[in-house]
Amino acid sequence: MNISDKIFKFFGGIKPEGHKQISTRNPIKRLPLPKELIIPIRQHVGKMPNIVVKIGDRVLKGQILAEPVANMSAATHASTSGYVKEIKPMNIPHPSGLPDQCIVIETDGKDEWIRLKKIDIENISLSNLLEKLKHSGVVGLGGATFPSHIKLNANRIQTLIVNAAECEPYITCDDMAMQEMTQDFVDGVNLIMHILNIPKTIIGIEDNKPQAISKLNSVLDSSKNIHLKIIPTVYPSGDEKRLIYLMLGVKIPKEKRPTELGIQVFNVATLISIARFINYGEPVISRVVTVTGALGQPNNYQALIGTPIQQLIKDAGGDPSQEVIMGGPMMGFKLPHTDVGVTKAMNCLLAVTDEMKSKASTEMPCIRCTKCVEVCPAQLQPQELYWHAKSKQFEKLTDDYKLFDCIECGCCSYVCPSNIPLVQYYRYAKSEIREQAKSSEIADIARDRNEFRLFRLEREKKERAERNAQRRAQVSDEDKKKLIEEKKVAIEAAMKRVEENEE
Amino acid sequence: MTPLDSPAIKKNMSVSVIMFTVTLALIPALIAQIGFFGLQILGNLIIGISFALILEAVCLKLRHYPIKPFLKDGSAFLTAWLLIISIPSSTPIWVMLVGLFFSIVISKHAYGGIGSNPFNPAMIGYAVLLISFPKIMTNWPSAEQFDFNNFLNFSQLFSMFASIDIVDGIVSATPLDKIKTALFLGEPINNSFSIFDQFNAYQIMSIFYLIGGLYLMIKKIITWHLPVSLILSIFVFSFILHQINPDVFMPSLFHLMNGATFLAAFFIITDPVSSPTTLRGKIIFGVMVGLITVIIRNFGGYPDGIAFAVIFMNIFVPLIEKFTQPKVFGYE
């Protein structure tokens, strides 16, 4: 299969300072087993899984703590052996700052696995495999945490695209994983190609990862259907639609999914976890986390899910009072609480630097300089979105300026000379519009109900009238005369009684 | 906890930096102007900009805006600079201040301040002065030799206070004025004078505006769309007229090198607030300003018409933007 080497550069994007080398100097590190693990039950997009353990239970490493309840759900596992200490709502790494159900495991230091069973990929039906994957806890580890078994329920996929761009500054977990777990990564690619019968794969990787590139080149030589495309370092090349365009020159139309065009995209860490599950039977109980920023020794860690992040920060030379961003500096959010455990979505912990704190904060008026237009990868008009979000003209936002095509990548805010927090305005407008849609939906339902009630009352009235008319019609003329006679007699009798009384 | 919105990092670019870079790009032409005509222009800039900043501060105060960050944005500074270099340096000081008042107070703050003004503030000030004081506004000093002594003749610096009389003889018509007069008198322009005998001071200043503008493009403060479309538009439309009747209409190069062509192309119409935001809109705007300028210069009552062309086209900006919205990713 021949794939052109052409890179289709997308419109816009920015080139912020990478800061990647500070966390790639040392190999991926492992912490000693923590005393306690705080494992949120739901670490994926979809339904809350059903907890199947109770306080006091001994659990083994890899044992299911919560079962998926629907197709759009995933399992959660114990990351090491120990005892279930608590099951209660606790702080989780989420921008809302709201608590969610977590299981606290007191580790017993034995790190004792359940019996692992590899999957015989040649002799398993697709539906069985998907069911097993659903219980493997494999979700998109790029940060979206979409359950992977749903993405594998696709057919006629022509191209697998591997998202190895890792375009956010500071984050290096995929880079390091490709260097150190190269075989698992390539196995993951081959497994997906095998499962979905995909003829070709393109790995999109930014040119700021020379070591991973050379490592992959040395392994991929033998396989002709897997191509490495080295793309220039431009944020946000790792955005799914932008990456597909870079690789194939295809713009995914609005309202369509890549699968409808025969394209499926997987992230590096997800492929590794799929390979680990199929080849070794290991569910997702750990992930690589970049711990970086204003720290003494930034590093990457193979961290058990549930590891208190304070321990990672401390090991990387930080202190507990530091403010921490989860994710990269462009799209990550500042953790409302730092007493939380590592989750599947956690690709990076970024200790806030002085430079970030001193980010100029005086918001000035928009001067329509269109620096934001020049960098918007969705080719929107950020200054118009800002203007109409501020003046709450929501219809214009959705219909004319396509607010919901905004991917919140932050390029516009990054370049804005007036320091306008543009992304915040868009998030606000989006949530307002969703809220309005929801309340108008509720109003619609109420109106429908009321209309139906009126209709029903009207119908019942009509039915009653019809029933009466029918009953009247059934009564014959003779019967009527008879009735009238009877009534006359009764009246006369009554009159007589009255006269008698008067006398 | 300090609020920290995503993105957490920020490019080191502010409105002040933009305005400062634009000012930097204006310096070469200013030096040329001083060399040719003396320090009077510098005195005008010092007095005029100070006045503009005071007006700006008063307006901000009255409108309950924080004064320091808004003064620091440099917009009043730049507006004043552009207006002052657009009018003859012999302009009486009170006339200049009237123009600045209209630029800063009427056309900017009365419309909602920076970012909200539909018209180019410097051009509003200029148009008010041109309509109100047409004689003064065409009293350009005659082009003399470049003289380094001009930089040291400090007596000229604040000569606007010394006398408001304009001495006859040091004032002469600009090439565009001459053409207007020649056309009015019905003389063929080729006989009235030759444009390529020598570069005069104004043409050399034009070249410095061009150089400053290219610097702004290299520094990515402005994009090519507005300046290139304006320059090409003036070139093409004056070329067509010249082809039709060379006796009446001057060649393209004359129109590029004289008047405010390069100043307007790189420094006036690139005012982001009052020009279109879409790329196709910028091209339409530039082309139309060029066309209207050529029409005013060749058929209108004023020697140069860029200011009116800019203000006229400012009216159309919302309409131009509406019909030039680009396709969003995935909607092709």
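Some points to look at:
Residue by residue, here is whether (1) within 14 Å of chain B (Cβ to nearest Cβ); (2) under 27 Å from A:Gln381 (Cβ atoms); (3) surrounded by 10 or more Cβ atoms within 10 Å (Cβ to Cβ) holds:
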| position | (1), (2), (3) |
| --- | --- |
| A:Glu408 | yes, yes, yes |
| A:Cys412 | yes, yes, yes |
| A:Tyr425 | yes, yes, yes |
| A:Glu435 | no, yes, yes |
| A:Asn450 | no, no, yes |
| A:Arg453 | no, no, yes |
| A:Lys462 | no, no, yes |
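- Wholly within region B:248-332, helices (runs of 4 or more DSSP H) carrying at least 3 residues that are modelled with pLDDT of 90 or more and among the hydrophobic types (A, V, I, L, M, F, W, C): B:279-299, B:306-323
- Checked against (1) surrounded by fewer than 22 Cβ atoms within 10 Å (Cβ to Cβ); (2) within 14 Å of chain B (Cβ to nearest Cβ); (3) not aliphatic (A, V, I, L, M), A:Lys314 passes all but condition (2).
- Single residue of region B:121-138 satisfying the filter (more than 17 Å from the chain's Cα centre (by Cα) and surrounded by fewer than 18 Cβ atoms within 10 Å (Cβ to Cβ)) that is modelled with the highest pLDDT: B:Ser132
- Qualifying positions in region B:15-52 - within 11 Å of chain A (Cβ to nearest Cβ) and free of Cβ contacts under 8 Å to residues at least 40 places away in the same chain: B:Val17
- Number of the condition not met by A:Asn501 [criteria: (1) assigned to a helix (DSSP H, G or I); (2) at pLDDT 85 or above]: (2)
- Which listed residue is surrounded by fewer than 23 Cβ atoms within 10 Å (Cβ to Cβ), in contact with a Gly (Cβ under 6 Å, 6 or more places away or on another chain) and among the polar types (S, T, N, Q), from A:Thr182, A:Thr107: A:Thr107
- Of all residues in region A:71-78, none satisfies being hydroxyl-bearing (Ser, Thr, Tyr) and over 20 Å from A:Phe277 (Cβ atoms).
- The set of residues in region B:57-102 being within 14 Å of chain A (Cβ to nearest Cβ), farther than 19 Å from B:Ser14 by Cβ and either among the hydroxyl-bearing types (Ser, Thr, Tyr) or part of a helix (DSSP H, G or I) (or both) consists of B:Cys59 alone.
- Yes/no for B:Ser238 being among the small types (Gly, Ala, Ser), away from chain A (no Cβ under 14 Å) and crowded, with 22+ Cβ neighbours inside 10 Å: yes
- Unmet requirement for B:Leu78, which otherwise passes all of (1) crowded, with 17+ Cβ neighbours inside 10 Å; (2) hydrophobic (A, V, I, L, M, F, W, C); (3) farther than 16 Å from A:Pro365 by Cβ: (3)
- When B:Ile114, B:Ile31, B:Ile84, B:Ile54 are checked against the criterion of being over 15 Å from the mean Cα position of the chain (by Cα), β-branched (Val, Ile, Thr) and surrounded by 21 or more Cβ atoms within 10 Å (Cβ to Cβ), B:Ile114 stands alone in meeting it.
- Filter pass, A:Lys117 being assigned to a loop (DSSP other than H, G, I, E, B), within 14 Å of chain B (Cβ to nearest Cβ) and either among the β-branched types (Val, Ile, Thr) or in contact (Cβ under 8 Å) with a residue 24 or more places away in the chain (or both): no
- Subset of region A:131-153 [surrounded by fewer than 17 Cβ atoms within 10 Å (Cβ to Cβ) and either part of a helix (DSSP H, G or I) or touching a Lys or Arg at 6+ places or on another chain (Cβ under 9 Å) (or both)]: A:Glu131
- Region A:402-442, residues that are farther than 24 Å from A:Lys256 by Cβ, over 19 Å from the mean Cα position of the chain (by Cα) and outside any helix (DSSP H, G or I): A:Cys416, A:Pro417, A:Ser418, A:Asn419, A:Ile420, A:Pro421
- Residue within region B:7-15 that is surrounded by fewer than 17 Cβ atoms within 10 Å (Cβ to Cβ), within 30 Å of A:Val324 (Cβ to Cβ) and not hydroxyl-bearing (Ser, Thr, Tyr) present: yes
- Residues in region A:327-354 that are within 13 Å of chain B (Cβ to nearest Cβ), within 17 Å of the chain's Cα centre (by Cα) and either of a type in the set (Gly, Ala, Ser) or surrounded by 24 or more Cβ atoms within 10 Å (Cβ to Cβ) (or both): 4 in all.
- Some residue of region A:380-393 being touching a helix residue (DSSP H, G or I) at 6+ places or on another chain (Cβ under 9 Å), away from chain B (no Cβ under 14 Å) and part of a strand (DSSP E or B): no
- Checked across region A:362-374, the condition of being more than 8 Å from chain B (Cβ to nearest Cβ), in a loop (DSSP other than H, G, I, E, B), hydroxyl-bearing (Ser, Thr, Tyr) and surrounded by fewer than 23 Cβ atoms within 10 Å (Cβ to Cβ) holds for no residue.
- The requirement of being in contact with a Ser or Thr (Cβ under 8 Å, 6 or more places away or on another chain), more than 14 Å from chain B (Cβ to nearest Cβ), modelled with pLDDT under 95 and part of a strand (DSSP E or B) is fulfilled somewhere in region A:208-228, by at least one residue.
- Pairs are defined by a Cβ separation below 8 Å, a sequence spacing of at least 6 or placement on different chains, a first member in region B:320-332 that is within 7 Å of chain A (Cβ to nearest Cβ) and surrounded by fewer than 17 Cβ atoms within 10 Å (Cβ to Cβ), and a second member that is basic (Lys, Arg) and assigned to a loop (DSSP other than H, G, I, E, B); the pairs so defined are B:Tyr331/A:Lys254; B:Tyr331/A:Lys402; B:Glu332/A:Lys251.
The values are calculated or read from the model by the stated rules, or taken from the named source; none is laboratory data. Quick caveat: nothing in here was measured; it's all calculated off a predicted structure. Reconstructed Cβ throughout: ideal geometry from the backbone, glycine too, with neighbour counts over all protein chains shown.
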